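Just below is one structure, and these are the notes that go with it.
The values are calculated or read from the model by the stated rules, or taken from the named source; none is laboratory data. For clarity, every value in this text was computed on a predicted model and none was experimentally measured. Don't worry about glycine lacking a Cβ; one is built from the backbone with ideal geometry, like all the others, and counts go over all protein chains shown.
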Amino acid sequence: MCGKLLLSQSRSLFLLALALPCFTQLSPVAAEGENGITVVGTGIVEQKPTVVEMTGLVIGQGQLAGDAVTKYHGNRRRAEDAFKNLKIPGLVIQGDGMSLYSSLNASQMQAMMRGMAVNNTQSQELSVSETLKLRLTGVDKLSPEELLEIIVRIVDAGKDAGVVIGNDTTPMVPGTYNASKARNTMVAFKIQNVEDLKNKAYAKALEDARSQAEALAKLAGGKLGKVVAINTVDPNQKSSDGSSQMLAQYLAVLGMRVGQSEEQSSALLKEIPVSAVVRVTYALE
């Protein structure tokens, strides 16, 4: 009996020894939370787009690989000449990757649509394609009407040269509907100096946080002290914090994509917002 009692006491002491470090780590955090004020500040800076970017697809097709390559080169030269002849200042055309693939011919496609066996011994059509990036800078100096006119000229010139402008909306199987390709986003509006705008947004977020903390300290009958801790908050992350969720919803409505990049884009021709969210803890004196 005594042996069991000693064993039970030894086990309790061992568990207590393991738990003590956890209590010592938690106690300072609790003390800071009781004597401080934690707030979340948001800041948004908006700027007009400075760059317009479009994508074009040049394709060469043939029964033989050599024919497909020859047609591709011819279509590529025709597309370059068409865009250069526009003589639009700030327009740059760059290649953005090539691909080579084969596809079913018309009779094979019809057999597949009817649920019949596809004759793979028949020759398939070979395709060589390249994505072109059409980039126009200095658009912040243009009015919306002037910019729209230039975009229309680029799109029309590309179509006349056989270039598919924007997302490829051709269905994989003719006669079928693909919801993911129903909407063709042809233009992306971008801003470039994202890092500078981000710093300005952080400054606004810190001002917002301090304003909230001062108001809370006044209501509590205390005085706001120094900053104890500061952390950045990603509005895209799932959080129980209401301000972060509201900011993420606001950015989604604006059609803005958030990411760590030198550029930030939007599908809308309007000022593009750059956001920052900070969580700041102040001491309460």
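Things to note:
- Residue that is assigned by TED's automatic domain parsing to the domain that holds L126 and at pLDDT 90 or above, where the choices are G62, G43, G90: G90
- Residue list for region 108-133, restricted to those being closer than 19 Å to F189 by Cβ and either assigned to a helix (DSSP H, G or I) or modelled with pLDDT of 95 or more (or both): none
- Lone qualifier among A205, A157 - being modelled with pLDDT of 75 or more, outside the structural domain of L91 (by TED's automatic domain parsing) and either in contact with a Ser or Thr (Cβ under 7 Å, 6 or more places away or on another chain) or not in a loop (DSSP other than H, G, I, E, B) (or both): A205
- Checking each residue in region 40-83 for being crowded, with 18+ Cβ neighbours inside 10 Å, farther than 29 Å from L142 by Cβ and in contact with a Ser or Thr (Cβ under 9 Å, 6 or more places away or on another chain) picks out V40, G41, T42, I59, G60, A68, Y72.
- Hits in region 160-196 - residues which are assigned to a helix (DSSP H, G or I), surrounded by 13 or more Cβ atoms within 10 Å (Cβ to Cβ) and modelled with pLDDT under 90: K181
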